[in-house]
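Written below as C-alpha cells is the structure these notes are about.
No value in this document is a laboratory result; all are computed from the given coordinates. Quick caveat, the model's predicted, so the values are computed rather than measured. Quick reminder, even Gly has a Cβ in these numbers, built from the backbone with ideal geometry, and neighbours come from all protein chains shown.
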Amino acid sequence: MAGKSGRTIQSVQKNSLKSTLLSWEGALAILFIALNIFNSIISPSYTVTNVLREMPKYLCEIFMLFPMAYILILGDIDISVGSIVCLSATMGCFVCNTGLPVGLSFLTCLAVGTLCGLLNGIILTTFTELPAMIVTLGTQIIFRGIAEITLGSGGSVSLKNTAGYNAIAGKVGIVPIVFFLVIIAAVIFTVILAKTTFGRKLYAIGSNRTAAHYAGINVQKCRLIVYTIMGLMAGLCGMFLTSALFGANTTTGQNFEMDVIAMAVFGGIATTGGKGNLIGGIISAFIIVLLRIALGQINLNSQLILVIIGALLIIAVLIPGISSSFKAKQKMKAVE
Amino acid sequence: MKKKIITVMLAVAMTASLLAGCGSSSSTSTATADTAVAATSAAATEATSEATAAATSAGAAAATEATGGMDATGKTFAIVVKSAGNPYNEKEIEGFKAVIEAAGGTCISKEPEAATADAQVSVIQSLISQGVNSISIAANDENALQSALQDAMNAGIKVSCFDSKVNADSRQTFVNQAGTQEIGQALMDAVLDISGGSGQFAILSATSQATNQNAWIDAMKSLMESDSKYANLELVEVAYGDDEPQKSTDQTQALLTNYPDLKVICAPTTVGISAAAKVLQDQKSTVKLTGLGLPSEMAEYIGDDDAHSCPYMFLWNPIELGDLAAYTAIALVNGGITGATGEKFTAGDMGDYTLTDAGDNGSEIILGPPFEFNADNIADWKDVY
C-alpha cells in the first residue's frame, strides 16, 4: 500500500542485525551510549544516583511522549497538553485541599485530563475540516485560562496535606517510582503500536487518511480514542508533577507540549504522519533528558542548553531527508 | 543538494563549537574546585589559619580579613535567580559573587531557562548533584520549590532565599530586601520633607489587594498616628492604579482635579510612580512625587528643580541585597547561624544583623532602610535596572 510521497508499509518487518544498526533507532541507541560516556567525562557529578534523583520532573513529560507519538503518526498534532497538565494539577490540588481522600485527588487529575483530551477529540472529529494545530492552540489558551481563573489572584495553590503525593514521589532504593511507571507505560504503548491492528490503523491513517477511510477504517473513532488517551496521560503527568512541586501555579506545564514534540521528532517520528516508532521516541527522550541533566551539572548557561537541543533537533530532521534524497539519486543513476 | 550539505556542515560546526565551549568551561570549573580542595587539605594538615591564607592569594586573604573573619575557603556557594537576562537579577549575582570570591569561596550562578518554578526545580536538583555547600534562591513560587529544597537540606546543603521568599519549611532563613517598617518610615519621612512639614498628600497604590503595598501603607498610617511630627500632614486619599499605566495616569489626573491643595503624591509601586511622574511633569504641576520606583524608568523625572516632578525616591539596592545574601550563606555554612530567630551575625563591612521573626514561622534578615535615588546618583543607576 503506497502512501503519500511514495512511502510504503511493509507487511513483514526486516530484522537483520545490519538493518537494525543502520536504522534511525540503531543510530539513536549508539548515540545514547556515546552520550553517556561523554556526560560522565564532562561532569564529575554524573552518577547513577544523581541522574535518577534529577530525573522525575523530566519523566513526567515522557508520559506524554507515548500518546503524542500516536497523534503525530496519525498526522495530527496536540499543542494543548501543557495546559491540560496545568489544569489537571490545579484541580487535583484543590480537591486534595478540601480534605477529601488523596485517592480522589489523583482521580481528579486523571479525570480532568481525560475530559480535556476528549473535548479536543470531539471538536476535531465533529468538525473534521479544522486543522488540529489551530483547535489545540485554542484549547491550550482555554484550559490554561480556566486554570488561572481557578487559581485566582495569587496564581498558585499548594498542597495542605502532602502525605499522599509524597507516597507517589517516593523511591524504591534509588529508583523513583515514576521511573517504573514510565517503563511500564512505554512497553504497553510500544506493543500496541507495533503489534496490534489498532497500531497498524494509526499508520494507515497517517499515511493516507482518505485511503484508510475507503479501506474501512473508522478514522474519526481512532482519532477520538488517541486524543482522549493523550488527555489521560497529560493528567497522569499533572499528577506526578504535583507530587514534585507540592502544588500548581499558572506556569505549571508551560512549554511541555514543545518538549514532548521535540522528543518525538528527534526519535524519528514524522510530524507529517505515518512514520516512526516509539522505540526511537523513547531512546531520544532519554537522550534529551540526560543531555540536559549533564549540561546542567556543568553549569552551562541554561539558554545555551536550549540552543544546543534546538540545533540537535534540526540536525535530526535534516539527516533522514538528506539520506533519502541521496538514495533517490542513486536509484535515478541506476536507471540511467 | 549542495546547499543542504553546506547547511548540515554549518550546523555540525556550530554544535561542535558549542560543545567545545562547554568543555573548556567545565575544565575551568574543575580547576577552581581542585585549587579549593588543595586549599582545604592544606588547612587541614597544617591546621593553622596562616596556612590557608598562604594557600590562597594574598589579595583574597586581605579580603577575608576585610569581611570580618568570614572565611569561605574550599566551599561552593550557589545563587539561583528568577530568570535569565534580567538586569536586576544580574546585579544581585554581581554582589553575591564579589563577597563569596573575596571570602575565598567558589560561586556558581544559575539562571533558570524560564521564569518558572518548574525550571528552578531542575536547577536545584542539579546543584544537589554537584554537592554545593549552600543554595541562595530568589523563588518564582513560594511553595512549589519545597520538595526540591527539602531534598537539598536533607543532603546537608544550607538553603536561604533572598528577594522573593519560599515558605518557612523550604528555607533556613530569608534575606528580605524590604522590611515593612523601614519602607513605611522612609516614605513618611520623604513626604514630610518634600511637603515642608505640613499639607495634604495622597497615595497612589497598586491594586487594593496587593499584599506588599497594603502592608507599607498600613505602616505609614500607624506612623502618622504614633509620631506627632507628622501631625500637620493630611492623607486625603489612597488611590488604586492597579499597576496599569493607563489607570494609574487616570487616577493621578483625578487626584489633581479633586484636591487643588495637594502637595505630594506618594506611589509605593514602580508602575504607579512612573505614570504619575509623567503626568506631573507634562502638566508642569507643582505637586511633587516620591515613592518606590525603578531608576531606569524614573531617570528623566528625578531632579531637585521645578522642571522635574520627583525630588527623590526609593528602592533597595540589588547589589547590597546580593552581598547580604552571600554573607548569610557563609554564616549558615560556617555554623555562625542556624536560621533560628534571635541569632546574630556580622556581615563583613555591612555590620551586624539579627534574624527576626518573618511572621510565617520562619526567620528573616532585613537588609535595612531602602536606598535613596536622587539627582546626584540617578545617572549612575539608570542603566543598572
* To do: Using a Förster distance of 51 angstrom, determine the FRET efficiency expected from the C-beta separation of B:Lys284 and A:Lys331, and round it to 0.05.
  => 0.05
* For the stretch A:44-104 and the stretch A:229-295, distance of Cα centres in Å -> 8 Å
* Asked: Kirkwood Rh, Cα Rg: Rg to Rh for the stretch B:77-125?
  -> 1.00
* Structure fact -> Per the helix-only model, chain A has a calculated mean residue ellipticity at 222 nm (DSSP H runs of ≥4, -39500 (n - 2.57) each, divided over all residues, rounded to the nearest 500) of -24500 deg cm²/dmol
* Per residue of the stretch A:37-52, in order, report the coupling 6.51 cos²θ - 1.76 cosθ + 1.60 (Karplus, θ = phi - 60°) as ³J(HN,Hα) in whole Hz, putting x for Gly and Pro. => 5, 4, 4, 6, 6, 6, 10, x, 8, 7, 10, 4, 4, 5, 5, 5
* Asked: Expressed in nm to one decimal, what extension gain is obtained for the pair A:Ile122 and A:Leu100 from 0.36 nm per residue of sequence separation less their Cα-Cα distance?
  -> 4.8 nm
* **Spacing of the two label points (7 Å from each Cα toward its C-beta) at B:Asp189 and B:Ala340, in nm** => 3.4 nm
* Asked: How many partner chain Cβ atoms sit within 10 Å of a residue's Cβ in peptide A:291-304, on average, as a whole number?
  -> 6
* Where Rh is the Kirkwood radius over the Cα pairs of the stretch B:295-385, the temperature 10 °C and the viscosity 1.306 mPa s, what D in µm²/s does Stokes-Einstein return? -> 105 µm²/s
* Asked: Volume per residue, Å³, of the convex hull around the alpha-carbon atoms of the protein assembly as shown?
  -> 205 Å³
* Structure fact -> Averaged over residues of A:240-246, the number of beta carbons from other chains lying within 10 Å of each residue's Cβ is 5
* Asked: Once you put a point 7 Å from the Cα of B:Gln246 and another 7 Å from the Cα of B:Asp304, both along the Cβ direction, what distance in nm separates them?
  -> 4.0 nm
* Using DSSP, restrict attention to beta bridges with both residues in the protein assembly as shown and report what percent are antiparallel, rounded to the nearest 5. => 30 percent
* **Relative contact order for chain A, counting Cα pairs under 8 Å that sit 6 or more residues apart, in percent** => 32 percent
* Structure fact -> Length gained if A:Leu304 through A:Thr271 is fully extended, taking 0.36 nm per residue and subtracting the Cα-Cα distance, is 9.3 nm
* Asked: In nm², what is the average projected area of the convex hull enclosing the Cα atoms of the stretch B:180-315?
  -> 7.0 nm²
* Structure fact -> Averaged over all viewing directions, the convex hull of the alpha carbons in the stretch B:144-210 casts a projected area in nm² of 6.4 nm²
* Structure fact -> Eigenvalues of the alpha-carbon gyration tensor of the stretch A:203-314, times 5 and square-rooted, give semi-axes in Å, largest first, of 32, 20, 10
* Structure fact -> Label model pair B:Thr257, A:Gln220: point-to-point distance (7 angstrom along the Cα→beta-carbon line) in nm is 5.7 nm
* To do: Return A:Ile73, A:Ile287 ranked ascending by Cβ neighbour count within 10 Å, so the fewest neighbours appear first.
  => A:Ile287, A:Ile73
* Structure fact -> Under 5 Å from the placed amide H of B:Ser363, counting only residues 5+ away or on other chains, we find B:Phe174, B:Ala358
* Structure fact -> Exposure-ranked with fewest Cβ neighbours within 10 Å first, A:Trp24, B:Trp216, B:Trp381 stand as B:Trp381, A:Trp24, B:Trp216
* Structure fact -> Candidates A:Asn218, A:Asn97, A:Asn277; GNM for chain A (alpha-carbon contacts under 10 Å) flags as most fluctuating A:Asn218
* Report the relative contact order of the stretch B:180-315, percent, no decimals, based on alpha-carbon pairs under 8 angstrom and at least 6 residues apart. => 24 percent
* To do: Arrange A:Ser88, B:Ser147, B:Ser208 by Cβ neighbour counts within 10 Å, fewest through most, would you?
  => B:Ser208, B:Ser147, A:Ser88
* Structure fact -> Semi-axes of the stretch A:56-289 from the Cα gyration tensor (sqrt of 5 times each eigenvalue, largest first, whole Å) come to 30, 20, 14
* Asked: FRET efficiency for B:Val384 and A:Ile141, Cβ-Cβ distance as r, R0 = 45 Å, nearest 0.05?
  -> 0.80
* For peptide A:321-330, how many partner chain Cβ atoms fall within 10 Å of a residue's Cβ, on average? -> 1
* Between B:Asp360 and B:Asn377, what length comes free when the chain is fully extended (0.36 nm per residue of separation minus the Cα-Cα distance, one decimal in nm)? -> 2.5 nm
* Specify the residue with the greatest mean-square fluctuation among A:Glu129, A:Glu148, A:Glu25, computed from a Gaussian network of chain A linking alpha-carbon atoms under 10 Å apart. => A:Glu129
